[in-house]
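A.B. asks: Let me give you the structure first, and then I'll get to my questions.
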Amino acid sequence: VFFFNDTATTEIYTEQIVGSVRCVQETDAGYNVVILPLKEEIRQNFNGQKAFEWFKTVEGLPYGYHNFLFGWLDTERGNLPELLNLELIPIGFSVVERIIPKAVSSIFGEAMNKRLGTQGLTVPELATEIAKRNLTFGQVMAQVERDGWEYSDGKSYVCSSFVAAYYREAGVFGDIKFEATELTPKDVYILDIFDKNAELPDICKQTDPDIPYCQILGDWKIELPGYGTLKPYSHMSERCSSQAPLYLREENC
């Protein structure tokens, strides 16, 4: 979730993803919140006006249910838990589709159709088409999610991809090309764009002396392994493993 400060009113707003993409005042948000200060050189070149203009183009869009799974699934078998058989996924979705077809289409079917260049295929029909092309469900699911894809109700962003796209529009990544819709929360917070040596308020140092950022809301302490360690690169986070319990990723994946 992304917070920003309105310097004209000094109010703090957050991107709200319940229902649709919109802004609500910070006091209306019940989240665990940490402040991750950007590096000073990035702050100086941060084009907030351009980023906010981009936000106005996506304001009101539904939360990114369509690609919720697909920013995480980057490889054929390197993201799912070891005990979960890949072949069970289409079987499970096809069973559930008989009961709640619209929901399955929303969170699975539409994105799979995008990857195949088809429209409206059900899960069994997707299986037939995938077999015709001598592919597997895992290979199709691992295909890169594209920012520009228009789903039945518009573009689709989950919270982390929304933040990545906002940063990109603000010029944080310069000329680096990547798909924001491929970034998970961890993919964002490990990027080397944050100031790990920022001077924090005394209350932050006293409350959490062992972390280089400041938690301002929440009942649970937020720990961010690998915080600010990965230099951004083109096509980042498109082919990364993330298997529990270590969630290790390959270099330059």
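The values are calculated or read from the model by the stated rules, or taken from the named source; none is laboratory data. Here the structure is a predicted model, which means the values were calculated and not measured. Because the Cβ atoms are built from the backbone with ideal geometry, glycine has one as well, and the counts that use them run over all protein chains shown. Just so you know, the surface numbers come from the protein's heavy atoms only, side chains and all, with ligands and any DNA or RNA stripped out. Shrake-Rupley method; radii C 1.70, N 1.55, O 1.52, S 1.80 Å.
A.B. asks: Would you mind checking which residues have amide H under 5 Å from L217's amide H? H placed 1.01 Å from N; only 5 or more apart, or other chain.
C.D. replies: The list, which skips near neighbours in sequence, is V33.
A.B. asks: If you count only protein heavy atoms with a 1.4 Å probe, what accessible area per residue comes out for the chain, rounded to a whole Å²?
C.D. replies: For the chain, the per-residue accessible area is 55 Å².
A.B. asks: At q = 0.10, 0.13, 0.14, 0.23 Å⁻¹, what is the base-10 log of I(q)/I(0) for the range 147-253 according to the Debye formula with one equal point scatterer per Cα and no solvent? Please give it to two decimals.
C.D. replies: -0.35, -0.59, -0.67, -1.32
A.B. asks: Specify which residue in the list Y233, Y157, P101 is farthest towards the positive end of the charge dipole of the chain, using unit charges on the beta carbon of Lys, Arg (+1) and Asp, Glu (-1), about the Cα centre.
C.D. replies: Projecting each Cα onto the dipole axis, the largest value belongs to P101.
A.B. asks: Taking the Cα atoms of the chain, report the difference between the largest and smallest coordinate on each principal axis, in whole Å and largest first.
C.D. replies: 60, 38, 36
A.B. asks: Using only the Cα atoms of the range 67-174, what semi-axes does the equivalent ellipsoid have when each is the square root of 5 times a gyration tensor eigenvalue? Give whole Å, largest first. Write down the numbers at each step before the final one.
C.D. replies: Working: eigenvalues 132, 53, 36 Å².
Value: 26, 16, 13 Å, ordered largest first.
A.B. asks: Okay, next question. Once the dipole of the chain is set up with Lys and Arg at +1 and Asp and Glu at -1 on Cβ about the Cα centre, which of T122, L217, I35 lies farthest towards its positive end?
C.D. replies: Working it through, the farthest residue towards the positive pole turns out to be T122.
A.B. asks: Still on this model: Can you tell me which of D147, D192, D202 moves the most in a GNM of the chain? Springs connect C-alpha atoms under 10 Å apart.
C.D. replies: D202
A.B. asks: Show that you can apply the helix-only estimate: for the chain, add -39,500 (n - 2.57) for every DSSP H stretch of four or more residues, divide by all residues, and state [θ] at 222 nm to the nearest 500.
C.D. replies: -7500 deg cm²/dmol
A.B. asks: Given a Förster distance of 22 angstrom, what is the FRET efficiency for H235 paired with K132, based on the Cβ-Cβ distance and rounded to 0.05?
C.D. replies: E between H235 and K132, to the nearest 0.05, is 0.15.
A.B. asks: Using the Cα centre of the chain as the reference point, and only Cβ charges (+1 on K/R, -1 on D/E), how large is the resulting charge dipole? Debye, rounded to the nearest 20.
C.D. replies: So the dipole magnitude of the chain works out to roughly 660 debye.
A.B. asks: While we're here: How long is the gain from N45 to L84 if the chain were fully straight, where each residue apart is worth 0.36 nm and the alpha carbon distance is subtracted? Provide the component values of the computation, followed by the final result.
C.D. replies: Working: separation 39, 0.36 × 39 = 14.04 nm, distance 4.48 nm.
The span from N45 to L84 would gain 9.6 nm if fully extended.
A.B. asks: For the range 193-253, state what percent of all Cα-Cα pairs lands in each successive 10 Å bin, counting from 0 Å until the bin that includes the largest distance.
C.D. replies: Histogramming the range 193-253 at 10 Å steps yields 18, 38, 29, 15, 0 percent.
A.B. asks: Mind checking the range 100-155 for GluC sites (Glu not before Pro) that DSSP puts in a loop (not H, G, I, E or B) and that have at most 14 other Cβ atoms within 10 Å?
C.D. replies: Qualifying residues, ordered by number: E150.
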